[in-house]
Structure formats: structure tokens, C-alpha cells
Amino acid sequence: MLASLFAMMSMATNAQTYLDPNAPLEERVKDALSRMTLHEKVNILHAQSKFTSAGVPRLGIRQLNMDDGPHGVREELEWNTWSPAKWTNDSIVAFPSLTCLASTWNRELSEAYGDAVSEEFAFRGKDIMLGPGANIARTPLNGRAFEYMGEDPYLAGEMLVPYIKAAQANGVACCLKHFVLNDQEIDRFTVNVNVSERALHEIYLSPFKRAVEKANIWTIMGSYNLWKNVHCCHNDELLNGILKKDWNWDGALVSDWGGTTNTWEAAMGGLDIEMGTYTDGKLRESEFGYEHYYLANPFEKLLKEGKVPMSVLDDKASRVLRTIFRTAMNPNKVIGSQCSEAHYEACRQIAEEGIVMLKNQKNILPIDATQYKKILVVGDNATRSLTKGGGSSELKSLRDISPLEALQTLYGDKIDYAQGYYAGRSIYDRVDAIDPAKQAELNAEALQKAQGSDLIIFVGGLNKNHRQDCENGDRESYDLSYGQNELISQLAKIQKNIIVVMFGGNPYSMPWLNQVSALTHCWYLGSESGTALANVLCGKVCPSGKLPITFAEKYEDYPYVKYGPEAYPGVNKQVHYKEDIFVGYRHFATNNVTPRFPFGFGLSYTTFSCSKPVAAKSGNEVTITVTVSNTGAVAGKEVVQVYAQSPKGELPRPIKELKGFAKTKLLQPGESQTLSITIPVEELRHFNDSQHDWTLISGDYTFHVGTSVNDIFGKATVNL
Ligand code: GLC
């Protein structure tokens, strides 16, 4: 009896718990680790191809399949090169850019986005999606701002959480990037960022911390740049200190592609999965095999020589195994789907709610087509596919409805078109490489056609060409390129009924603003771009987007500019964030600099009235209650924003900081909705550099409640 009991027990210990999908996660990790050889543990810590890291074939432990990017699944590349694999079944839904998602201020749409995009990743057999992005828009020139969530860490964090939770509920890991301080593309591989501890915590780390604490993000991608002169992909203080110890994070830190630079730091600096080494993350191939990666043979050698404790190896391997069991070997991972109408519906809704109407003179919008005989559409972005380009986030989309197509569908032969300007076709066409003669010819054609039109819709902006919102390069000017500003002014002189539609991930100068009747900013809208735009322009959808980035009147108004090149893009690979915590509206509002369009601003086709805000403190929370009523003639949505002003303390504080927001449902004319916005008291703390910790100043807190940072309709004060 006893013998058979022992036999069963020994059987039990040999039972492969790690393969039991119902076993507790940590049991699976511990069991798998106990069965792996030293080499097998090392082998799962680095790439085995361009976008996969190894599993343990002998034990039936799956590899990790990763892919870009935050807006959809990148086209399949060859196993070992940056070249397309030329698959015929990898065309996908291109979702709107993340800055567009942030502009919706709609947490429910963020959840819908994460759910839909992760279903496309799962269907393509991916376990980790390399996104979303959470770097901060401190400069309007940043080449990759379109992949991020704007200038405010609270809005960015709050709009990331539902996306991440929904994606990971489908068994697909998000890989939040780029951790941390990758806020420019110039010198991205080599620049060292100098920033105060306070700004680091209050602004740049904040969205990542929120994703760890509220969404349990499973993987995070280290950034190329340096902090304290150490590469962030293996920065001990940042990764082992702040991320893994202080924040108690149990996930796997993935390097950016080519972000790993030496073995010792990779071993001891908190890196768990080394990817893309010896490449530049876009074009250059590695001249070395995967066994030469820093965390491959060189690391194994250090372990065998006893120079690195085995505990370091086991911690790394456990984090990778945990990721494998959360995704690739997760029994609840969805099969997913690709290019379903549900995905296109989500894509369209996010696009429609992300479009920001900035000007609407004499209610020229929505367009009443009966008023016009000839509507001239002008601009390269009316036909260009904006799902391509931009770098690693570029997509091969099955559907890509252009603005011109959608407007032709809507208005038929009333629509005429002129390209107006030439913007190059490759993402590598330099802006100054465009032929002036060709520009002049296209300009002339547009101006000539404008003579015969009674409405002009100009569709321009940035286009994800190199230095036009693209990885590996920042914009060279705050002005629009390709002569767009001059063309818009000339068109407006011919036809005063002119609506400007701009695409792009960043603000820009608008010397023509007073000459045009209307302006909408559309970020990048994805596969349903034209449909979403047309639905808003024709009034089928009432615009409700709000800016997640301050649009300054002129470039010099951005807070860092007055400090010179040291503050951006840096001198001798050293950049100093001299504006400190006063990024974006924190600077404009505190220093009374009037922006062209403020943070949180966006117009509607209807009007709303809001009740006097009521603030109540209960326990460790403050709740702000407001009733919003639709006082206009069409259904619409409003976003109520709560900005906290803290009592004076020994440290300078921004006069306003976004600490809460809520978007109404679609309110019919005459309909009201009461919103309760809850703010945990701990969110009102500030980081004290001398104490190296968060502290709450006691006193009166004033909550400015409005529909943008400058459009405040009421205040409420609470003593804390
Ligand atoms: C790129 C990017 C990163 C991307 C990775 C893989 O260089 O910085 O965002 O996910 O490499 O393409």
C-alpha cells in the first residue's frame, strides 16, 4: 500500500505541472524552470529570429512570437531579415494612431481598441504585440508622437489601461514602449537624457507606472536612449530598482531592436529578452548569429565562470516562462480574427471620435451639399495611403478608404480633385528633394480649378514620410512642408468657403487660420480614414475629439525652446529637460502663454451646458459631480475634464494638472447626464526630489472643471 503511495507520489512529482493549463501560473513557472538545463535557460533570453525568442522544444515549451506595432499587425517579415516575407494572407485592419485614440478621451473605445487589435495579433499567431507607446509629447517635432498618447501623463496612462487589459484578457501580451525617456528620434540610439527626479516620476514614468499598477502590463520594451549615461535596455537603477523592486513588477523586459550594447550590463541591468542586436531596428542586418548575442554565449560563459549568480539567470528565465504561460501556452488565449466587420466598426468609431474640430466659422460644417455645385478637394493626403510609412508601425492594410474616395461616394460628381502639391512617394524622399517645377505645376492646377468651385476641402498635413512623422528622424520645422501654407492662403483668396482637414501626429503652425472657414485635425485614422472623416464632415457623426497635445501659436512658445539646443535635441548627445515638469499645458497655463488651441480643446456641432461642479471627499477619494445637458439641435458627446490646483508649497507646482475626466454617452438634444469623476487623494501628491518620494501637501485643493484646460465652467474646493 505504502509502496504504491510512494510510486504515485513520485509519478505526481514527475507530472509535468508546467503543461497543466489549470495549474497556478507560478507553479507552472517553477516546475518548468526545474526541468531546464543552464543552456536552455540562457537560450530563452534572446532572439532566435527577427521577431521570435526561443522556447524549449525538448520540453514542449513554446517560443514567443512578437510583432509590431501599436496600430495593427505588421506585415510578416522574413525569419532573419527586415524584408517582407511576401505572404498573401497578412493584410490586416489598420487602426487609428494612438494619438487619435487619446483624442477620443473615451476609455470604452480604448477597451474596444485593445480587444480588436489583439484579436488580429492572436489570429496571426502572435504572443506579444510591440505596443502601445507611452512616451511624452514634450516637443512637437518628435517623429513618433503619432504612436504615443500626448503630453499629459494622466491622460496617457488612463487611456492605455483599458487597451492593455482588453488585449491581455485575450492572451496577447502588450509590450509598453519605450521605457523610458524616448521622447525624440534625433540621436535616439545615443542621446543621454538629463531630467530631474521629480519630472522623471511626475511626467515620464507616470504612464508606465499606471500600466503596471492598474493593467498589470506583461512586458515592457526598454528604450534605446540612455539615462544617467546607461542604456535604458539594461539600466540597473531604472529596471531592477524602480520597475522591478519599487513597482514590484513581475513581467519580462524586452530590449528595443538593437538596444543591447554589452554583456555585463545586459546580465546585471535587468534585461530579460534581447532582441534585434547588431541591427538598427529598421534596415541594418546583424552580421552575427544569435548565439553571439550578449545574453547568449557571452552570458552563459559568465555564469559558468561563476561571475554572475545563477539567481540572476533564474529570475530572467522565470519572467520569460511567465510570459510564455500567460500567452503562447495560455489555455484561454483567443483564436482571434482578421478584418472582421466588428474590427472595422471599432476602427471607424475610434477614428470618428478622435477627429478634433478646431474651427467652424458660420457653421460651414457639417457640409450642406445642397448649397454647393462644385466641391474641390485639394491635397496629397486626400489620396495617399497614410497606413503606410512611419517606420516600424507601418501596416499592410486590406482596406484603406481615402478621404477622396469617401467624399466621392458621398457627393458624387459634385466632387473635383487637384493634388495641389507633391509630397514624394517613398518614406525616404527628403522634403527638400521635391521638384519645385512639379510643385508649381500642381499648385497652378489647383488654383485654376478653385476658380470654378464654390467649396474647397483642403486635405494635407504630415504623411509619415521621413521627417514627416516617421521613426528615426524628427521634423525639421514646426511649419507644414511641400508649400502647403502658401497654397492654402492662395486658395482662400480665391474661395472663402474653404475647409481645412489636416492629418499628422503633431501640432504645426497655421498662418492661414484666419483665412479659412473651418479646420479639423485627424491624426491618422487607419483603414476607415475616409469613411470616418466623411461621416464627421457631413454631420452623420458629431465631432467630440479633444486635443491631447497643446497646439502653440508658434514653435518658440513650447517651454523647452528658450533653453536652446541643450534642451532639444541636445548637444554632444546630452539633452537636458530644462522645462522640468512644465511640459505642454503645465507651462502654457501656469505662465499665461495663450496657445493657438489649448490642451483638451475640441468643438462640437451641438452645445452643452454644465452644472456647477460639486466636490465631496469621502475616505481617500474626492468625487466631482457635474450634470451635462445637450442644449443644441443635434446629438453629441462632451468631455468633462478636472484639473487640480494644489495649495502653495515649497516646490513650484503647475497651476493646473489633469486629475480626472469623463465622456458623456451620446446625448440627444435636451438630454442630460450626471457624471461622477473620482480622484484618489494619492493622485494629488507630488514627487519631492529631496525626500525621493511622493508627498501630499495639506491644505485647500481647487478643482477647475471644464471642457478644455482653458475653458473652465466651474470650480470646487476641498480641504485635504
Ligand atoms: C524599432 C522601434 C520599436 C519596434 C522595434 C521592432 O526600432 O524602436 O518601437 O517595436 O524596433 O521593429
Ser103 fails exactly one of the following numbered conditions: (1) farther than 25 Å from Ser255 by Cα; (2) in a loop (DSSP other than H, G, I, E, B). What is the number of that condition? (2)
With respect to Ala317, determine if the residue is away from the ligand (no atom under 16 Å from the Cβ), in contact (Cβ under 8 Å) with a residue 12 or more places away in the chain and within 15 Å of Val42 (Cβ to Cβ). yes
First in segment 40-64 and under 22 Å from Lys304 (Cβ atoms) and within 15 Å of the ligand (Cβ to nearest atom), second anywhere and in a strand (DSSP E or B) and of a type in the set (Ser, Thr, Tyr), Cβ under 6 Å, 6 or more apart: Ala47/Ser53
When you go through Ser604, Ser629 one by one, which is the residue that is of a type outside the set (Val, Ile, Thr) and either out of contact with any Pro (no Cβ under 7 Å at 6 or more places or on another chain) or buried (at least 23 other Cβ atoms within 10 Å of the Cβ) (or both)? Ser629
So which of Ala589, Ala615, Ala644 is outside any loop (DSSP other than H, G, I, E, B), modelled with pLDDT of 95 or more and in contact with an Asp or Glu (Cβ under 6 Å, 6 or more places away or on another chain)? Ala644
Looking at (1) touching a residue at least 24 places away in the same chain (Cβ under 8 Å); (2) out of contact with any Asp or Glu (no Cβ under 6 Å at 6 or more places or on another chain), find the lone condition where Val541 falls short. (2)
Quick check: is even one residue across segment 655-677 more than 24 Å from Ser110 (Cα to Cα) and within 27 Å of the chain's Cα centre (by Cα)? yes
Cβ-Cβ under 6 Å, sequence separation 6+ or interchain: first residue in segment 699-718 and within 17 Å of Ser618 (Cβ to Cβ), partner aromatic (Phe, Trp, Tyr) and modelled with pLDDT of 95 or more. Which pairs? Ala716/Phe703; Val718/Tyr701
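Results for (1) surrounded by 22 or more Cβ atoms within 10 Å (Cβ to Cβ); (2) within 16 Å of the ligand (Cβ to nearest atom); (3) closer than 27 Å to Asp236 by Cα, shown as yes or no for each residue.
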| site | (1), (2), (3) |
| --- | --- |
| Pro140 | yes, no, no |
| Arg144 | yes, yes, yes |
| Leu155 | yes, no, no |
| Met159 | yes, no, no |
| Lys165 | no, no, no |
| Ala169 | no, no, no |
| Val180 | yes, yes, yes |
| Gln184 | yes, yes, yes |
| Phe189 | no, yes, yes |
Filter segment 525-566 for residues that are closer than 27 Å to Glu638 by Cβ and either in contact with a strand residue (DSSP E or B) (Cβ under 6 Å, 6 or more places away or on another chain) or among the polar types (S, T, N, Q) (or both) and give the result. Ser529, Thr531, Asn535, Cys542, Pro543, Ser544, Gly545, Lys546, Leu547, Thr550, Phe551
So is Ile367 in a helix (DSSP H, G or I), buried (at least 18 other Cβ atoms within 10 Å of the Cβ) and either within 32 Å of the chain's Cα centre (by Cα) or more than 16 Å from the ligand (Cβ to nearest atom) (or both) or not? no
Near pairs, Cβ below 6 angstrom, 6+ apart or cross-chain, from segment 231-260 (hydroxyl-bearing (Ser, Thr, Tyr)) to any residue that is within 16 Å of the ligand (Cβ to nearest atom) and not in a helix (DSSP H, G or I): Ser255/Gly222; Ser255/Leu271; Ser255/Glu274; Ser255/Met275; Thr260/Glu274; Thr260/Thr277
State the number of residues belonging to segment 28-47 that are crowded, with 20+ Cβ neighbours inside 10 Å, of a type outside the set (A, V, I, L, M, F, W, C) and under 22 Å from Asn297 (Cβ atoms). 3
Evaluate segment 200-209: report whether one residue or more is within 16 Å of the ligand (Cβ to nearest atom) and surrounded by 19 or more Cβ atoms within 10 Å (Cβ to Cβ). yes
Could you tell me which numbered condition Val254 fails, if it satisfies all but one of (1) away from the ligand (no atom under 12 Å from the Cβ); (2) within 16 Å of Ser49 (Cα to Cα); (3) of a type in the set (A, V, I, L, M)? (1)
Scan Gly143, Gly171 and give me the residue that is in contact with a strand residue (DSSP E or B) (Cβ under 6 Å, 6 or more places away or on another chain), modelled with pLDDT of 95 or more and assigned to a loop (DSSP other than H, G, I, E, B). Gly143
Qualifying residues in segment 276-326 (those that are of a type in the set (S, T, N, Q) and not in a loop (DSSP other than H, G, I, E, B)) - the one surrounded by the fewest Cβ atoms within 10 Å (Cβ to Cβ): Ser311
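The values are calculated or read from the model by the stated rules, or taken from the named source; none is laboratory data. Just so you know, these numbers come straight off a predicted model, no measurement behind them. With ideal geometry, Cβ positions are generated from the backbone for all residues, glycine too; neighbour counts draw on all protein chains shown.
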